[in-house]
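*Asks:* Before I ask anything, let me first share the structure, which is written out below as structure tokens.
The values are calculated or read from the model by the stated rules, or taken from the named source; none is laboratory data. Being a predicted model, the structure only gives us computed values, none of them experimental. Neighbour counts are summed over all protein chains in view; Cβ atoms, including those assigned to glycine, are modelled from backbone coordinates with ideal geometry. We work out accessible area using only protein heavy atoms, side chains counted, and drop any ligands, DNA or RNA first. Shrake-Rupley method; radii C 1.70, N 1.55, O 1.52, S 1.80 Å.
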Amino acid sequence: RDRYQRRVHGDTKIKSKKGVNMSALRQIAFYGKGGIGKSTTSQNTLAAMCHYYGQKILIVGCDPKADSTRLILHEKAQSTIMQLASEAGTVEDLELEDVCKPGAAEFHPENDEITDGYIMCTESGGPEPGVGCAGRGVITAINFLEEEGAYDDELDFVSYDVLGDVVCGGFAMPIREGKAQEIYIVMSGEMMAMYAANNISKGILKYANTGGVRLAGLICNARMTDREYDLAKHLAMQIGTQMIHFVPRSNHVQRAELRRMTVVEYSPNHDQAMEYKELARKIIANDLKVIPTPLEMDDLEALLMEFGLEEDADEAIVGQKEEA
């Protein structure tokens, strides 16, 4: 049978967790504040890893919006594990092929015209807004995928795309339970994005010694703020990691998104596709994984003042209006 049949229909290639060499499987996660472009950045980067470097990837979306795989699937939103479990009765009534979908076009396991890699997609989902705990959906989904053998020995990477900050224990689950070993934080030169990045570093630090999780780098998804590159690089240095890549802002990302595509698939020779290609290369080759040294709030604010919008900013400007 073809590769797709082997991946999701019970061939011997699909094994239980015990049958897989988990140490050879790289489990990464993308974290970052809401609205920073984390899901867009992660999908474009993973698409580049598959397209240019032939990597075989499983994406586990850990956001109730279920938007972690839409550009890979060319769909508005994938049916989630929690949604399908609710319709079926319980999660035990589901099969792996019910929740794990192959990527569209060149990312499909059957399509080897462009790449030998492929991307499989699943979304954890969650309750309706304002009802229940979405973090529980993440825990339920990951446990189900492990028990059903989704993490098979063909895969090179499992990637978790996780909602926002890590103040919720459910969303911290990939860190807390040692599922993700490499954390990439998507941030920008904006204050709240940097605050979230520092907070996520605190979560990594908390579980680093028990779960083996490490911070692998900051990805600056540029918002074109003043001195953004310098600020992001200095923050990375302060918390003991690297700015693994600075992704410039480009309208080509939105043009691709309107077609529910990644830039890599939509326009593989465009400069922005080359940026994602380089980020993909860096992640594949990355061996700098550290226990972070997050900043205290006063130190973080001092950093923002030093590299912020005012080059000579000091405490005297706090609360002062712009001069007429």
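*Asks:* Pairs K56/K206; K179/K233; K38/K233: which exceed 23 Å Cα-Cα?
*Replies:* K56/K206; K179/K233
*Asks:* Highest first, please rank the peptides 119-125, 186-192 by the mean number of other Cβ atoms sitting within 10 Å of their residues. Walk me through the numbers on the way to the answer.
*Replies:* Numbers: 119-125: 28.4, 186-192: 21.4.
The densest-packed peptide leads the list: 119-125, 186-192.
*Asks:* Now for a separate question. Largest first, please: the extent of the C-alpha atoms of the range 156-257 along each principal axis, to the nearest Å.
*Replies:* 40, 32, 26
*Asks:* While we're here: Could you sort 34-46, 272-284 so that the peptide with the highest average Cβ count within 10 Å comes first and the rest follow in order?
*Replies:* Most protected by this proxy first, the peptides run 34-46, 272-284.
*Asks:* Under 11 Å from the Cβ of Q43, count the other residues' Cβ atoms, weight Lys and Arg +1, Asp and Glu -1, and hand me the total.
*Replies:* With Lys, Arg at +1 and Asp, Glu at -1, the net is -1.
*Asks:* Karplus couplings for the range 297-302 from phi (6.51 cos²θ - 1.76 cosθ + 1.60, θ = phi - 60°), rounded to Hz, Gly and Pro as x?
*Replies:* For the range 297-302, the Karplus curve yields 4, 4, 5, 5, 5, 5 Hz.
*Asks:* Same structure, new question: Listed highest first by mean packing, meaning other Cβ atoms within 10 Å per residue, what order do 244-257, 58-71 come in?
*Replies:* 58-71, 244-257
*Asks:* Now for a separate question. Roughly what would the spin-label model give for D93 and D287, points 7 Å off Cα along C-beta, in nm?
*Replies:* Computed distance between label sites D93 and D287 equals 5.0 nm.
*Asks:* When the accessible area of the range 142-281 is computed with all protein chains present and a 1.4 Å probe, what percentage of it is carbon and sulfur?
*Replies:* Details: 2430 of 5330 Å².
Its accessible area is 46 percent carbon and sulfur atoms.
*Asks:* Using modelled amide H (1.01 Å from N, peptide plane; none on Pro or chain starts), what sits under 5 Å from the amide H of I59, excluding residues fewer than 5 places away?
*Replies:* The answer is M120, C121, T122, S159.
*Asks:* How big is the dipole moment of the range 41-148 about its Cα centre under a simple scheme where the beta carbon of each Lys and Arg is +1, that of each Asp and Glu is -1, and everything else is neutral? Debye, nearest 20, please.
*Replies:* My answer is approximately 520 debye.
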